[in-house]
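Each remark here refers to the structure printed beneath this line.
Each value in this text was obtained by applying a stated rule to the coordinates, not by laboratory testing. All of these numbers come straight from a predicted model, not from anything done at the bench. Using ideal geometry, Cβ is built from the backbone for each residue, glycine included, and neighbour counts are taken over all protein chains shown.
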Amino acid sequence: MDDGIRPAQLYRLQQSDLTNLMTKFSSLQQHFNRYLVVGGFPELALSSDDTLSQRMLREDVVDKVIKRDILTLFNVRNPLQLEKVFLYLCMNSSNLINISAMAKELDSMNKITLLNYIRFLKEANLIYISDPIGIDGKGILKRKPKIYVADAAIRNAVLMLEDVITDPNEMGIMVETTVYKHIAAFYYTTNAQVGYYRKLKENEKEVDVVVELPAARILCEVKYRGNSRIPETDAIIELANDESKKTRGALVITKRAEDYGVTAHHTRIPVVRIPAPAFLYLLGHAEKEGYVAKM
């Protein structure tokens, strides 16, 4: 594989070259599914017992990190409250979080306490906080974070979910969580901001993941479903077509191995469909080759 191939630049490839590349990645699906279930920790990934792996992951996260490490490090006085907060965030991974509504649902928890618990979980690397990025300066949703569990497998283990691979809704949550995690990790050592875009108006148009670089933006929309078609009025299409937004790459993350290629939309920056396993492989390859801040 050409070491210079990067996800956001796939639109530069000839269709035949893109087809050859995607064909090579078609065998990754089964490995991708297992990664979503048990995660990438070497000891667990090499185990042949997925049930045992999930139990070990649950014990490591809940018993060691939450019940011991965070309590000691931040002097948490009510461990049960902290566990409830993490459970709530696991259940709502990839969703917008309304702090007031969340506090009310958690037995009218004090908002300051709740915000502190969220900060503790973030500093313990158990969650990511995705803030809104204002691309057009107006009409942007008032500040509400999206919160992702740091690893889809942790979410599965904590919620003790079964047969998630056959559940379309759960798969959508897991894949968006995983895509955000890997993009955030890719840009971790840079000054890029990784967040999301959403408007209150126009049916709350949204782009799941936006990377804001000093002089450009990269857009990623997760459509992990049988039909990844997006309309002309979709936010990612509008932003890819607007020269003032300085978009450098626009990707739609898809489900099916054959669902790839430049969309039919006529945009300034072509919008490219790419299956999730191929996207994550190419992103990891770019990181391995040292393409810092060059997705």
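Here are a few things to note about the model shown:
- Debye-sum result for the chain in log10 I(q)/I(0), which assumes one identical scatterer on each alpha carbon, at q = 0.07, 0.08, 0.09, 0.13 Å⁻¹: -0.27, -0.36, -0.45, -0.95
- Secondary structure note: in the chain, about 60% of the DSSP beta bridges are antiparallel.
- Dividing the summed helix terms, -39500 (n - 2.57) for each DSSP H run of n ≥ 4, by the number of residues in the chain produces a 222 nm estimate of -11500 deg cm²/dmol to the nearest 500.
- Where chymotrypsin sites (Phe, Trp or Tyr not before Pro) fall in DSSP loop in the stretch 26-103, at most 13 other Cβ within 10 Å: none
- Sparse packing (at most 14 other Cβ atoms within 10 Å of the Cβ) combined with a DSSP loop state is found for the following chymotrypsin sites (Phe, Trp or Tyr not before Pro) in the stretch 176-285: Tyr188.
- Computed from Cα positions, the angle between helix 29-38 and the longest principal axis of the chain comes to roughly 20 degrees.
- Whole-number percent relative contact order across the chain, with pairs defined as alpha carbons under 8 Å at least 6 apart: 20
- According to the calculation over all Cα-Cα pairs in the stretch 68-148, the P(r) per 10 Å bin from zero is 17, 50, 25, 7, 1 %.
- Helix 79-91 axis versus longest C-alpha principal axis of the chain: approximately 20°, rounded to the nearest ten.
- Working from Cα pairs under 8 Å separated by at least six residues, relative contact order for the stretch 175-295 is 22 percent.
- Given R0 = 45 Å, the distance between the Cβ atoms of Leu52 and Glu243 translates into a calculated FRET efficiency of 0.25.
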